[in-house]
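Following: one structure in structure tokens, then a few remarks.
The values are calculated or read from the model by the stated rules, or taken from the named source; none is laboratory data. Just so we're clear, the structure is a prediction, and the values are computed from it rather than from any experiment. A quick note on method: Cβ atoms are made from the backbone with ideal geometry, for glycine too, and the neighbour counts reach across all protein chains shown. Accessible surface is based on the protein model in full, side chains and every heavy atom, while ligands, DNA and RNA are left aside. Shrake-Rupley method; radii C 1.70, N 1.55, O 1.52, S 1.80 Å.
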Amino acid sequence: MTTITLLKQITPELSLQQYNEIPVIALQHRVGSALIALQGAHLFSWKPQGAAQDVFWLSEVEPFSAGNAIRGGVPICYPWFGSVQSPPHGYARISLWQLSDYAIAEDKVRLEFSLFSAENLIEAKISMQFCDHCELTFTHYGQQPAQAALHSYFHIGDIESVSVAGLPTTCFNSLQQQNEPVPSPRRISANVDGIYAVASPLTTTVHDPVYQRNIVIEHNNATEVVLWNPWHKATSGMSEQGYKTMVCVESARINHLLSQGEQIRTRIKLA
């Protein structure tokens with residue numbers, strides 16, 4: 001059960017709330033609503049104006065406990081991807097970020113979150129723009145090259161009915177540790193963890209006949225797109241049935257590291 005407490009009204013449209021153990025920035029605006037946890041600068045809800053369903057999937061068993069990565073939304077995997085170091089997918093998603101800037105206009109909202117080191121030096125920044133679309137721009141400021149991924153979980157009606165268009169016809173199968181040919185558009189009927197090498201910009205589309213919508217994702221300055229769904233595999237932070245209503249289509253820099261000052265951007269729109 002999630003206990004939500006209002007901590008501070010920042011502007012008429014922006015508030016600081018507490019979700020169990022995690023502080024959350026809540027946006028309520030004519031362009032739509034959004035929720036961003038300060039732990040991880042983690043966007044875990046976005047409903048543009050008029051949308052019947054949230055664009056992002058969030059685990060129905062999410063405990064919002066400090067130090068545990070939120071399962072759903074858009075985790076920021078940084079400064080590494082996967083389990084090459086501990087914690088898996090980097091420390092950014094379990095670190096507290098700061099709301100460092102915001103601008104609220106009649107037709108759009110921009111929020112900026114920054115991650116600082118123990119020495120109070122900026123390591124990374126993510127800018128979120130909400131209007132008729134959602135645009136996430138991640139910037140790496142560290143001196144050493146880094147991996148990064150915007151690990152987007154999209155909310156769908158039924159995994160067995162969706163297809164993902166726009167991906168290449170070959171990918172690296174992380175489960176089998178080998179390259180393989182794959183169909184495009186792609187349907188999902190089993191555990192899938194595919195890393196696609198891509199040329200940027202690339203547009204992918206999640207076709208969802210149950211919710212009667214398409215989720216269009218533009219990947220900018222990404223060198224990989226990751227497609228993931230665990231199917232029946234037991235996964236921490238997810239119920240046994242959770243996989244049925246989510247699919248991850250991630251903008252990533254895995255094999256080609258981000259250099260200092262470089263950005264990766266994801267633009268999401270319903271169609």
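On the protein heavy atoms, probe 1.4 angstrom, tell me the percent of accessible surface of region 79-155 carried by carbon and sulfur.
C and S fraction of accessible area: 48 percent.
When each pair of different Cα atoms in region 137-207 is counted once in the 1/r mean, what is the Kirkwood radius in angstroms, to one decimal?
Evaluated over region 137-207, this radius sits at 14.2 Å.
Can you give me the Cα centroid spacing of region 80-143 and region 236-269 in angstrom?
14 Å
Expected output is a single nm value to one decimal: the length gained when fully extending between Asn20 and Leu175, i.e. 0.36 nm times separation in residues minus the C-alpha distance. What is it?
Separation in residues times 0.36 nm, less the Cα-Cα distance, equals 52.3 nm.
With θ taken as phi - 60° and the coefficients 6.51, -1.76 and 1.60, list the Karplus ³J(HN,Hα) couplings across region 77-86 in order, rounded to whole Hz; mark glycine and proline as x.
Calculated HN-Hα couplings, in order: 7, 5, x, 9, 10, x, 10, 5, 9, 10 Hz.
Which lysines, if any, have their Cα less than 25 Å from the Cα of Lys47, not counting same-chain residues under 8 positions apart?
Answer for Lys47, where 25 Å is the Cα cut-off: Lys8, Lys108, Lys125, Lys244, Lys269, listed by chain and number.
What are the GluC sites (Glu not before Pro) within region 39-131 that DSSP puts in a loop, where the Cβ has at most 13 other Cβ atoms within 10 Å?
Listed in order of number, the matching sites are Glu60, Glu106, Glu119.
For region 15-127, what is the convex hull (Cα atoms) projected area averaged across all directions, in square nanometres? Display every interim value, and only then the final one.
Working: hull surface 30.3 nm².
Computed as one quarter of the Cα hull surface, the answer is 7.6 nm².
With each pseudo-label sitting 7 Å past Cα toward Cβ, what's the Asp107-Lys8 distance in nm, one decimal?
3.2 nm
Could you report region 23-80's accessible area per residue, 1.4 Å probe, as an integer in Å²?
Counting only protein heavy atoms, the per-residue value for region 23-80 is 30 Å².
Write down the accessible area per residue of region 192-246 in Å², having rolled a 1.4 Å probe over the full set of protein chains.
On a per-residue basis, region 192-246 sits at 43 Å².
Which far-off residues, 5 or more places away or on another chain, put their amide H under 5 Å from the one on Ser163, with H placed in the peptide plane?
The list, which skips near neighbours in sequence, is His207.
Enter the per residue convex hull volume of region 148-247, computed from alpha-carbon coordinates, in Å³ rounded to the nearest integer.
Convex hull of Cα atoms, per residue: 100 Å³.
Which value in Å does the Kirkwood hydrodynamic radius of region 223-266 take, with 1/r averaged over all unlike C-alpha pairs and then inverted?
Numbers: mean 1/r = 0.0793 Å⁻¹.
12.6 Å is the Kirkwood radius here.
With θ set to phi - 60°, apply the Karplus curve 6.51 cos²θ - 1.76 cosθ + 1.60 along region 63-69 and write out the HN-Hα couplings as whole Hz, x wherever there is a Gly or Pro.
Using θ = phi - 60°, the values come out as x, 6, 9, 4, x, 10, 5 Hz.
Radius of gyration and Dmax for region 99-159's Cα atoms, expressed in Å?
Here Rg and the maximum Cα pair distance are 14.7, 46 Å.
Taking every alpha carbon pair in the chain, what does the distance histogram look like in 10 angstrom bins from 0, in percent?
With 10 Å bins starting at 0, P(r) equals 7, 31, 39, 20, 3, 0.
Protein chains only, probe 1.4 Å: how do Met238, Met246 rank by accessible area, largest first?
Ranking Met238, Met246 by accessible area, largest first, yields Met238, Met246.
Can you tell me the dipole magnitude for the chain around its Cα centre, using point charges on the Cβ only (Lys, Arg +1; Asp, Glu -1), in Debye to the nearest 20? All intermediate terms of the calculation are to be shown ahead of the outcome.
Numbers: 17 positive and 23 negative charges, 31 e Å.
Roughly 140 debye for the chain.
What are the ³J(HN,Hα) values, in whole Hz, obtained from phi via the Karplus relation 6.51 cos²θ - 1.76 cosθ + 1.60 with θ = phi - 60°, for each residue of region 244-250 in sequence order, with x given for Gly and Pro?
Values, residue by residue: 5, 10, 9, 8, 9, 10, 10 Hz.
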